[in-house]
Amino acid sequence: MTDTPLRLVVFDVDGTLIDSQDFIVEAMNRAFGEMGVACPTRAEVLSIVGLSLHDAIERLVPSMSQTEVAEATRKYKDMFIKLRAEKGGEAAAPLYPGARQALDALHQKDEVLLGVATGKARRGLDHAYDAHDLRHYFVTSQTADNHPSKPHPSMLRAALSETGAEAAQAVMIGDTSFDIEMGRAAGYRTIGVTWGYHPREGLLAAGADLLIDTYAELTAALDELWGKA
């Protein structure tokens, strides 16, 4: 028997585990191009990664009607599927350096459960899981299909319910302010990663407990947070 409590570590996907920015930007540009709408800049597109698709497009082009937002959402999904066929999709979007080693290390700890909370649809997450052989790491996987967009805490609350972990022993790891805000709203500790799509200043402003610059720093960061729990 051990006195160590059950712990939960939830990862964002795009910008945290997988560097899918080129696919996201190209699919968005193709979608807007087909509609004859001025394409957002790369920085603008990356700033909304992590939101559910409908909310992301609304934020990118606030002047769009709801009908236009729905059309852009459909076109983005179509373009992403085409890009997946053309270029290999998620298989061509690499894991960040050290990601697999970090997952392996955490997966070996009996008291630690791993999860995902992503703005991706379930189909996209399944492709990412299969392309990188990630599925076996995660006992809970929350997607945009069944939850409000980040930063609403619904995904993280569901992860607690599915695993039986307590929020005080849970940590959200992500690269955007949406991830950090979601984690805080759910009562999790939060770690911001600086290699993703939002600047470190934004992660700190959102309330990240800690920032890490490489996956090699993750174990120490988690130990520090759990030591304070």
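Taken together, the values in this text are just the output of simple stated rules run on the coordinates, not laboratory data. Here the structure is a predicted model, which is why all the values come from computation and not from measurement. Backbone-built Cβ (ideal geometry, glycine too); neighbour counts: all protein chains shown.
Things worth noting here:
- Antiparallel DSSP beta bridges within the chain, as percent of all bridges there, nearest 5: 5
- In the elastic network of the chain, a GNM with C-alpha springs shorter than 10 Å, the most mobile of D19, D175, D126 is D126.
- Directionally averaged projected area (convex hull, Cα atoms, the stretch 85-127), nm²: 3.9
- For the options A38, A168, A144, a Gaussian network treatment of the chain with springs between C-alpha atoms closer than 10 Å singles out A38 as fluctuating the most.
- Compared with the direct C-alpha span, the chain from L6 to D133 gains 43.2 nm at full extension, assuming 0.36 nm per residue.
- On the beta carbon distance between A216 and D78, with R0 = 35 Å, the FRET formula returns roughly 0.35.
- Helix 122-132 and the long axis of the chain differ in direction by around 70°, with both axes built from C-alpha atoms.
- The stretch 98-165: chymotrypsin sites (Phe, Trp or Tyr not before Pro) in DSSP loop, at most 13 other beta carbons within 10 Å: none
- Using the Karplus relation 6.51 cos²θ - 1.76 cosθ + 1.60 with θ = phi - 60°, the per-residue 3J(HN,Hα) values for the stretch 151-161 come to x, 4, x, 3, 4, 6, 5, 5, 5, 5, 5 Hz, with x marking Gly and Pro.
- Relative to the dominant Cα principal axis of the chain, helix 218-228 is inclined by about 60°.
- Its Kirkwood hydrodynamic radius, worked out from the mean inverse distance over all distinct Cα pairs, puts the stretch 1-91 at 14.5 Å.
- For the chain, a Gaussian network of Cα nodes joined below 10 Å ranks L95, L103, L17 by mean-square fluctuation, and the top entry is L103.
- Dimensionless Rg over Rh [the stretch 121-229; C-alpha; Kirkwood]: 0.95
- Within the stretch 58-146, the trypsin sites (Lys or Arg not before Pro) that combine a DSSP coil assignment with at most 14 other C-beta atoms in a 10 angstrom radius are K109.
- Difference of contour (0.36 nm per residue) and Cα-Cα distance, A91 to N146: 17.3 nm
- Debye log10 I(q)/I(0) at q = 0.14 Å⁻¹ for the chain, Cα point scatterers: -0.84
- Lys/Arg +1, Asp/Glu -1 at C-beta; the chain dipole; positive extreme among L156, A27, S63: S63
- The spacing between the stretch 177-229 and the stretch 129-174, judged by their C-alpha centroids, is 15 Å.
- Estimated from helices alone, the mean residue ellipticity of the chain at 222 nm is -14000 deg cm²/dmol (sum of -39500 (n - 2.57) over DSSP H runs with n ≥ 4, per residue).
- L204-D104 pseudo-label distance in nm [points 7 Å out on the Cα-to-Cβ vector]: 3.4
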